[in-house]
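Visitor: Pasting in a structure now, in structure tokens, and then I'll have a few things to ask.
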Amino acid sequence: MAITMMALVNFSSQPHSVELREVPVPEIGEDDVLLRVHAVSICGSDLHQYAGTHSWKVNYPVVLGHEFAGVVARVGGRVPGFEEGARVVSETAARLPADSPYLRRGLYNLDPGRLGFGYGVDGAMAAYVKAPARCLHHVPAHLALEKAALTEPCCVAYNAVCVHSHIRPGDTVAVLGPGPIGLLCAAMAKLCGAGQVVVAGLAADAQRLDVARALGADTVLGAQGEDVAAWFKAFGDGYGCDLVIDAAGVSATLKLALEIVRPAGQITKVGWGPQPLNFSLDALVQKAVRLQGSFSHNWPMWEKVLALLASGRIDVTPLMGCVSPLEEWQHAFVQMRTGAIVKGVLQP
């Protein structure tokens, strides 16, 4: 008889088709590791799947959760470097095409055939999760696993800001959208030497904008209904900011980004926005602006981010609104969706 566990399962594309179910503990292969999940952070994509508002293919039924940390419970016969009891985090690229040219380049995060935890294969909102050993990274001894569970969104922000964007010390950086990724992008911009970091949101984002201040943002806009474009016209020399990080989940923010970026500046888009644009991109040409997309992360970024977390140079504490048992998942989901907290962390 198979050993079972409780898991948070997304079983249909219909809204609110998520519930705790009893499922088998995963069987691992020779190159896999079975992890005892200690902490799994809730992502905005989990909330979209819960609400049925996602724009990506989901292999139903699937266990949610791709931001997680745990302890190795069992290792496959061909797994080197990881022993039972090791504290680890896992990347999200659960399955990759073996013949992928992007895998050979180290850009496996960009392969269209990539399947991730929580939508393509079973994720970590469960007592145990199966992960390929190639995805694993050791967690430094003094870094709490609850904080280590946020390595993945930190890596998304690191890729967008530290890899795909060009920040010189003293630059002005605007972050549109104070969600978890936007807030972490603001923290990364300060780490890269930005002189002025401005985080913009909506009136409903007041609590998240407070978190932006705690993470080092110099100015926050939107809580009082400020006009972001007008603010930048009045700021400094009036030409706009050097870099805009578009971390909002709507396509329309790209129009605002084009308004506030200075000529020869850069826009890095990391937020998903499936809506049509319906506006001209002439400003992109006229200002000679560089527009760059950024998606996911790869192995070296995880190593760098873990070192930054362990050293305290990145502090995710202000983002962590609650740490709850898995059974209280719905309350944590609602708190995140309403903006009461930035991040909820579940402990299966």
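The values are calculated or read from the model by the stated rules, or taken from the named source; none is laboratory data. All of these numbers come straight from a predicted model, not from anything done at the bench. Ideal geometry is used to build each Cβ from the backbone, glycine not excepted, and the neighbour counts take in all protein chains shown.
Visitor: Is it true that Leu254 is buried (at least 21 other Cβ atoms within 10 Å of the Cβ), in the same structural domain as Gly177 (by TED's automatic domain parsing), free of Cβ contacts under 8 Å to residues at least 40 places away in the same chain and under 30 Å from Ser55 (Cα atoms)?
Guide: yes
Visitor: Listed residues Asp218, Asp210, Asp246; which is charged (D, E, K, R), surrounded by 13 or more Cβ atoms within 10 Å (Cβ to Cβ) and in contact with a Gly (Cβ under 6 Å, 6 or more places away or on another chain)?
Guide: Every option except Asp246 fails the conditions.
Visitor: Residues that are buried (at least 24 other Cβ atoms within 10 Å of the Cβ): list the helices (runs of 4 or more DSSP H) wholly contained in the stretch 100-203 that include at least 3 such residues.
Guide: On the way: elements: 101-104, 145-148, 151-158, 180-191.
Counting at least 3 such residues, we get 151-158, 180-191.
Visitor: Look at the stretch 44-96 and say how many of its residues are of a type in the set (Asp, Glu) and crowded, with 16+ Cβ neighbours inside 10 Å.
Guide: 3
Visitor: Out of Val342, Val334, Val305, Val323, which single residue is closer than 29 Å to Ala203 by Cβ, buried (at least 21 other Cβ atoms within 10 Å of the Cβ) and at pLDDT 95 or above?
Guide: Every option except Val342 fails the conditions.
Visitor: Being hydroxyl-bearing (Ser, Thr, Tyr) and in contact with a helix residue (DSSP H, G or I) (Cβ under 6 Å, 6 or more places away or on another chain): is that true of Thr219 here?
Guide: No; evaluated as a whole, the condition is false for this residue.
Visitor: Here's something else I'd like to know. Picking from Arg74, Arg105, which residue would you name as being charged (D, E, K, R), in the same structural domain as Ser13 (by TED's automatic domain parsing) and touching a Leu at 6+ places or on another chain (Cβ under 6 Å)?
Guide: The unique qualifying residue is Arg74.
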